[in-house]
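Every number here is computed from the coordinates shown, using simple stated rules; none is lab data. What you see is a predicted model; the values in this text were computed from it and never measured. Cβ: placed from backbone, ideal geometry, glycine included. Neighbour counts: every protein chain shown.
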Amino acid sequence: MSFTAWAHGHARSILFLFGSLALAGAVASFLLPVSLFPQVSFPRVRITLDSGDRPAEQMTVEVTTPVEEAVRAIPGVRSLRSTTSRGTAEISVNFNWGEDMVSAMLQCQSQVNKILPSLPTGTSFEVERMDPTVFPVIAYSLTSDSHSLIELRDLALYTLRPALSTVSGVARVGVQGGRVEEYRVTVDPDKLQSFNMTLADVASALSASNVLVAVGRLEQYDKLYLVVSDTRFKNFDEIEHTVLRSTPDGVVLLDDVATVEHSAEPQWVRVTADGHDAVLFQVYQQPSGNTVEIARGIKAKLREIRKQIPEGVKIADWYDQSELIIASEHSTRDAIVIGMVLAAFVLLIFLRDWKVTLIAILTVPAVLAATILLLYVLKMSFNIMTLGGMAAAVGLIIDDAIVMVEHIVRRVRAAREGDPRAQVLSAAREFTNPLAGSSAATIIIFTPLAFLSGVTGAFFKALSLTMAASLIISFVVAWLAVPILCARLLKRRDAEIEEHGAFTHRVHQVYRDNMQRLLRQPRFVIAFLVPLLLLGFIAFKNVGSGFMPIMDEGGFVLDYISPPGTSLAETDRLLRQVESILQETPEVQTYSRRTGLQLGGGVTEANIGDFFVRLKPFPRRGIEEVMNDVRDEIEKRIPGLQVELLQLMEDLIGDLTAVPQPIEIKLYSDDEQLLRMLPARVADTISKVRGVIEVKTGIVPAGDALNIQVDRVKVALEGMDPEA
């Protein structure tokens, strides 16, 4: 007994199995995580170091180099890349693909902690492994004409962040911008000198007068008490009446030598949204989180706490990653529906039987549901790669079902006498080898994608696995389920249906006549194929290439750099002009701007930052056209500002890999002057290559500094400490 015959003998069990798998897949579709990209752990750890204010050269020697030497000893480290600025540094530690990045991150933390005591006092660091979850999934801005930036920041930190952190799947809520409230003490030097006191005395007295400390425990009356000494300031007057010195002649209070006023910390970053100074709060998801559900939960939570937000505060969403994912889901749904409708239309025209049409159409959702179940078992997610794989597999799934159904119907109608079930069994057995060969050939085409390395392999592995799984399941369904359903549904009257209608007869007749002419004159086929191959070769040489397909994501990132050393105020003046250009662009819906900060983090100065620009929904101009217009206007109006416009996914992948440019050339030398001169010549040569749009030299000065040379002899003669 053949396997096909055995399968038909256990038809109910097999149909029950396929039905169970399809039902389980439908349930799994509601449980599968949803994200923009596959769950890829990039082999990169980013170490961010902060050591206060110090020159870049000193920072390199005292902080960056020791940390590089420490982390280089970690097993599996492939390369290091560092960027050092004034008081800050960023070190990218690159590992081989396939390394356990959680373990790698912990080892990096351990190595930095080991040498932390030898680094300058006050040095802090942060270690994070790079994956798509280091970027926000949804972000909002807070603006107001009646509330200060201090109030907006406090609202984001102490009202919104705790509430939004309770949404399922949220890892953290980051807050950028705003001002930090402080009390400023302005000392009068003459009055201070008259009391023979120094600034250090004032600072020490204020610090000692604002302390909360537990001093011990006291047991009394069957109770155990914690004894707390609380000298904290309760109001503004207490600060002014701080005792600086107490002598038999009296006391010196703070208001005797200084004035106290409400103020805010000095600000070296600037955040705006839609032309107003703003506070941004960004929501980050957990690695297994569902982006779409997180976005819905955040929006619902904001509606719930709306009454806690003061009047006059505007909350605007300037980025929502779930919209791109939902658009991908809708595209996949549309592809499935369109494929099923077209397949039904073709089957009805040529086979003229609604039963076989229904059988073929049912295979598509069944196969996709079983594929989703497999994704769930393998702990994968819905993302642009798996959704794209399922959308691309729809046509092949329908093709498997159609060829099997068509072959069965042809055999049943050819043998009008006898039991149709026997003819179905014979047709299925006859078509097993051709179907297996066809499916195997298609699967093999996509298999190499699963073995690609690097960033390409990390992304296309999900696509390859999804398509291969869909095609394997499609083969099994077409081989077993389709014949079983045909055997149970097709009756004698289905075999008696006229196979060809007038339209089909006409198509066959035209095809037959043309083929007979071509078979008599095969040179015409060659004459047709040769120009076609030539045109294909020319197109192959001229078509563009890239990692991600060109698509309209509905928004873009505008990175900018003003001349090195430019102050925050001057950079802000230039960027206000950029904001004017964005506001004049009719397709722009909203935007946010960071100066001294970046959307993806990293070392920045007051002359560096980015915009995220969100466009209006369609109908509108394409995003590439809008980006080109904005770029041209900026270059025309603000020639001193360097800008780079990228769509989000391209910018995100560039930040994750630490190499945002498609091609990077590294120059090495011990001669610093040569390294300052050579990149400009190399860039000039490369810029002449056809297809190159922009070349960056890679030389980014840290900025200007005022160097004070201290004469130690004269300082000593004045009775001062040179270190002071």
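For S148, what charge total do you get from the other residues with a beta carbon under 10 Å from its beta carbon, if Lys and Arg give +1 and Asp and Glu give -1?
Details: positive: R153, R179; negative: E151, D154, E181, D277.
Once all neighbours under 10 Å are counted, the net charge is -2.
Once the piece of chain linking L226 and V476 is laid out straight, how much longer is it, given 0.36 nm per residue of separation minus the C-alpha distance between them?
82.8 nm is the gain from fully extending L226 to V476.
Mind checking the dipole of region 48-184: about its Cα centre, +1 per Lys or Arg Cβ, -1 per Asp or Glu Cβ, Debye to the nearest 20?
Working: 12 positive and 17 negative charges, 27 e Å.
For this selection, approximately 140 debye.
Leaving out same-chain residues fewer than 8 places away, which lysines sit with a Cα under 28 Å from that of K355?
K491
Which whole number in µm²/s is D for region 665-724 by Stokes-Einstein, with the Kirkwood Rh taken over Cα pairs at 37 °C and 0.692 mPa s? Each step should come with its number before you reach the end.
Numbers: Rh = 15.7 Å.
Rounded, D is 209 µm²/s.
What is the distance in Å between the Cα centroid of region 404-473 and that of region 4-76?
31 Å
About its Cα centre, how strong a charge dipole does the chain have in debye, to the nearest 20, once Lys and Arg get +1 and Asp and Glu get -1 at the Cβ? Walk me through the numbers before you get to the answer.
Values: 69 positive and 84 negative charges, 1001 e Å.
I would put it at about 4800 debye.
Can you tell which of P701, L645, S288 lies farthest toward the positive end of the dipole of the chain, using +1 and -1 charges on the Cβ of basic and acidic side chains (Lys, Arg; Asp, Glu)?
Among P701, L645, S288, the one farthest towards the positive end of the dipole of the chain is S288.
In nm, to one decimal, how far is the modelled label at D684 from the one at E718, with both set 7 Å along Cα→Cβ?
Calculated label separation equals 4.7 nm.
With the dipole of the chain worked out from charges on the C-beta (+1 for Lys and Arg, -1 for Asp and Glu) around the Cα centre, which of A335, I526, G555 lies farthest toward the positive end?
I526
Can you show me the helix-derived [θ] at 222 nm for the chain, built from DSSP H runs with n ≥ 4 at -39,500 (n - 2.57) apiece and divided by the number of residues, rounded to the nearest 500. Don't skip to the end; give the middle numbers.
Details: 26 runs with 353 residues, N = 724.
Calculated at 222 nm, the ellipticity per residue is -15500 deg cm²/dmol.
Charges at C-beta only: +1 for Lys and Arg, -1 for Asp and Glu. How large is the resulting dipole of region 665-724 about its Cα centre, in Debye rounded to 20? Mind dumping the intermediate values first?
On the way: 8 positive and 10 negative charges, 125 e Å.
So the magnitude is around 600 debye.
Cut-off is 10 Å between beta-carbons; in what order do K379, K223, K301 appear when sorted fewest neighbours first? Intermediate results must be reported in sequence, preceding the final value.
Values: K379 10, K223 7, K301 17.
By the 10 Å Cβ count, ascending: K223, K379, K301.
What whole-number distance in Å separates the alpha-carbon centres of region 83-118 and region 300-361?
42 Å
Select from the chain the helices, each a whole stretch of DSSP H, whose alpha-carbon atoms run 18 Å or more along the helix axis and whose Kyte-Doolittle mean is at least 1.0; answer none if there are none.
11-31, 321-350, 354-377, 384-414, 454-476, 523-542
How much length is gained on full extension from D711 to R523, taking 0.36 nm per residue of separation minus their Cα-Cα distance?
Details: separation 188, 0.36 × 188 = 67.68 nm, distance 9.52 nm.
Roughly 58.2 nm would be gained on extension.
Count the net charge of all other residues whose Cβ sits under 15 Å from the Cβ of S322, scoring Lys and Arg as +1 and Asp and Glu as -1. Each step should come with its number before you reach the end.
Numbers: positive: R296, K299, K301, R614; negative: E293, D317, D320, E323, E329, E553.
Once all neighbours under 15 Å are counted, the net charge is -2.
Figure the gain on full extension for H147 and D671 (residue separation times 0.36 nm, minus the Cα-Cα span) and round it to one decimal in nm. Show your work: numbers first, answer last.
Numbers: separation 524, 0.36 × 524 = 188.64 nm, distance 5.36 nm.
Difference between extended and current length: 183.3 nm.
Aspartates and glutamates within cross-link reach of K301: Cα-Cα under 17 Å, excluding same-chain residues under 8 positions apart?
Cross-link targets: E293, D317, D320.
Considering the dipole of region 182-264 built from charges on the beta carbon (Lys and Arg +1, Asp and Glu -1) around the Cα centre, which of Q220, F236, A203 is farthest to its positive end?
Of Q220, F236, A203, it is Q220.
Neighbouring Cβ atoms within 10 Å as the yardstick, rank R614, R232 fewest first.
Numbers: R614 21, R232 9.
Final ranking by Cβ density, sparse to dense: R232, R614.
Work out the P(r) tail for the chain: percent of alpha carbon pairs separated by more than 49 Å, whole number. If you can, show how the numbers build up before the last one.
Details: 96381 of 261726 pairs.
Counting every Cα pair in the chain, those more than 49 Å apart make up 37 percent.
Under the rule that an exposed site lies in a DSSP loop and has at most 10 other Cβ atoms within 10 Å, name the longest stretch of the chain with no chymotrypsin sites (Phe, Trp or Tyr not before Pro) of that kind, not counting the sites themselves.
Working: sites that count: Y221, Y668.
Between exposed loop sites, the widest span is 222-667.
Describe numerically, in nm with one decimal, the distance between label points set 7 Å from Cα along Cα→Cβ at K379 and at A539.
4.3 nm
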